[in-house]
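Chemist: There's a structure below that I have some questions on.
The values are calculated or read from the model by the stated rules, or taken from the named source; none is laboratory data. These figures come from a predicted structure and were not determined experimentally. Note that we place each Cβ from the backbone using ideal geometry, even for glycine, and neighbour counts take in every protein chain shown. Please note that ligands, DNA and RNA were not included when accessible areas were found on the heavy atoms of the full protein model with its side chains. Shrake-Rupley method; radii C 1.70, N 1.55, O 1.52, S 1.80 Å.
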Amino acid sequence: MDLFHIFLNIVSVIISIISFIFILPVLSLLRILKFCTRSVYQENLTGKVVLITGASSGIGEHLAYEYAKHGSSLALVARRGELLEVVARKAKELGAAEAIVIKADVSKRQDCERFVNETINRFGKLDCLINNAGIIIPGLFEDQRCITDYASIMDVNFWGSVNATQFALPHLRKRKGRIVVIGSTGGWFNVPTMSVYNASKVAQQSFFETLRVELAPDIGITMVTLGTVTTPLANDDFLNEANIQWVPIYPVGDCAKAIVNSVRRGDEYLTEPPWMRSVFLWVMFFPEIWHAARRLLLVNRQKASSQMWKSCNNGSL
């Protein structure tokens, strides 16, 4: 090994430890002061134009309601137009200045261009883009006969966010607006049976962390990292298939309210529920324990599947 790299391997660790001891307390204090200041002087959302993808249900639906309470104008995007109409009506009742419905599929690039253009044609501006649309297909990777069936996860979760952002950027820059990315703890809380979904969230986070630097200071980015939330995606069948029924589920209404408050403060990061941040420390500092825990989850799932298979066979006999 090169002597310079040997030197760096030793010195970098020592310098990092010393720096953490002195810098972390100061940085934590600055973060607290910044949080308090922004909590007092929050952004006024009245009249702001907010485009939400995946707005027909779940987190997107409740984000629409929260922004509506602040008097924002909403562009609601999803594939299920009839559900969007219901959300739009309720948003208007809650105080939205206006709410338009755009039936579109974020996995199609031409649809992303269209719903951004329709938003601009209607409102003449765009202040906030919320990349919320996402899908999950659980299952062990080895059991999948055709991996191309999983391409839709990347098309929606990753490319859907990328394409919508690209078309929205010129309009957001004019307004010094903000991009909100609805990510997932799946990016580092790598539970078995969700390999491609986890990968899509890692790709999404890496992309927007790069954009954060490229677009500053004209456009802000709020990266939201969520645990399990009470949405139609997190139904009993999914929780059992993914073997995460033991994970406490966070109420979607509280989640949406926390996201909007975070955006109003101009936060760069938000983790909900907050206790998931402590789990991240375990993943980072004790990877061996975390690996053993995930393996145990997988073994339990396989045993449960085996018992179900035997039960079904005995019944058929």
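Chemist: Using +1 at the Cβ of each Lys and Arg and -1 at the Cβ of each Asp and Glu in the chain, identify which of GLY124, ILE249, VAL260 lies farthest towards the dipole's positive end.
Modeler: Highest projection toward the positive end goes to GLY124.
Chemist: With the crude spin-label approximation of a point 7 Å out along Cα→Cβ, what separation in nm comes out for VAL86 versus ARG294?
Modeler: The modelled label-to-label distance comes out at 3.7 nm.
Chemist: Label point 7 Å out from VAL279 along Cα-to-Cβ: which residues of region 242-268 have amide N under 11 Å?
Modeler: Answer for region 242-268: 244-250.
Chemist: Sort 27-35, 187-195, 265-273 by the packing proxy (mean of other Cβ within 10 Å over each peptide's residues), most packed first.
Modeler: Details: 27-35: 10.7, 187-195: 20.2, 265-273: 17.2.
In descending order of packing, they fall as 187-195, 265-273, 27-35.
Chemist: Leaving ligands and nucleic acids out of the surface, order VAL40, VAL156 by accessible area at 1.4 Å, largest first.
Modeler: VAL40, VAL156
Chemist: What is the Rg over Rh value, at two decimals, for region 60-179, using alpha-carbon atoms and the Kirkwood definition of Rh?
Modeler: Computed over Cα atoms, the ratio is 1.03.
Chemist: Work out how far the C-alpha atoms of region 196-264 reach from end to end along every principal axis, then list the three figures in whole Å, largest first.
Modeler: That works out to 43, 28, 16 Å along the principal axes.
Chemist: When all protein chains stay in place, what accessible area (Å², nearest 10, 1.4 Å probe) is found for PHE22?
Modeler: Counting only protein heavy atoms, the figure is 140 Å².
Chemist: Per-residue counts of other Cβ atoms within 10 Å, averaged by peptide: what ranking do you get for 42-49, 128-135, highest first?
Modeler: Working: 42-49: 16.5, 128-135: 24.9.
Answer by packing, highest mean first, reads 128-135, 42-49.
Chemist: Then there is this: Among the listed pairs LYS92/LYS125; LYS90/LYS257; LYS103/LYS176, give every one whose C-alpha distance is greater than 25 Å.
Modeler: On the way: LYS92/LYS125 19 Å; LYS90/LYS257 16 Å; LYS103/LYS176 27 Å.
LYS103/LYS176, as the Cα separations exceed 25 Å there.
Chemist: Could I have the simple spin-label model distance between THR46 and VAL213, label points 7 Å from Cα toward Cβ, reported in nm to one decimal?
Modeler: So the label points at THR46 and VAL213 sit 4.0 nm apart.
Chemist: Oh, and also: Quick check on the chain: take the gyration tensor over C-alpha atoms, sort the square-rooted eigenvalues as a ≥ b ≥ c, and tell me if it's rounded (a/c under 1.5), prolate or oblate.
Modeler: Details: a/c = 1.78, a/b = 1.11, b/c = 1.60.
Note, shape of the chain comes out oblate.
Chemist: Send over a whole-number figure in Å² for the accessible area per residue of region 106-256, probe 1.4 Å.
Modeler: Working: 6680 Å² over 151 residues.
Result: 44 Å² per residue.
Chemist: Among 220-229, 143-152, how do they line up from the highest to the lowest mean number of other beta-carbon atoms within 10 Å?
Modeler: Averaged packing, sorted descending, gives the order 220-229, 143-152.
Chemist: Also, I was wondering about something else. Under a plain spin-label model, where a point goes 7 Å from the Cα along Cα-to-Cβ, how far apart in nm are LEU27 and LEU3?
Modeler: So the label points at LEU27 and LEU3 sit 3.3 nm apart.
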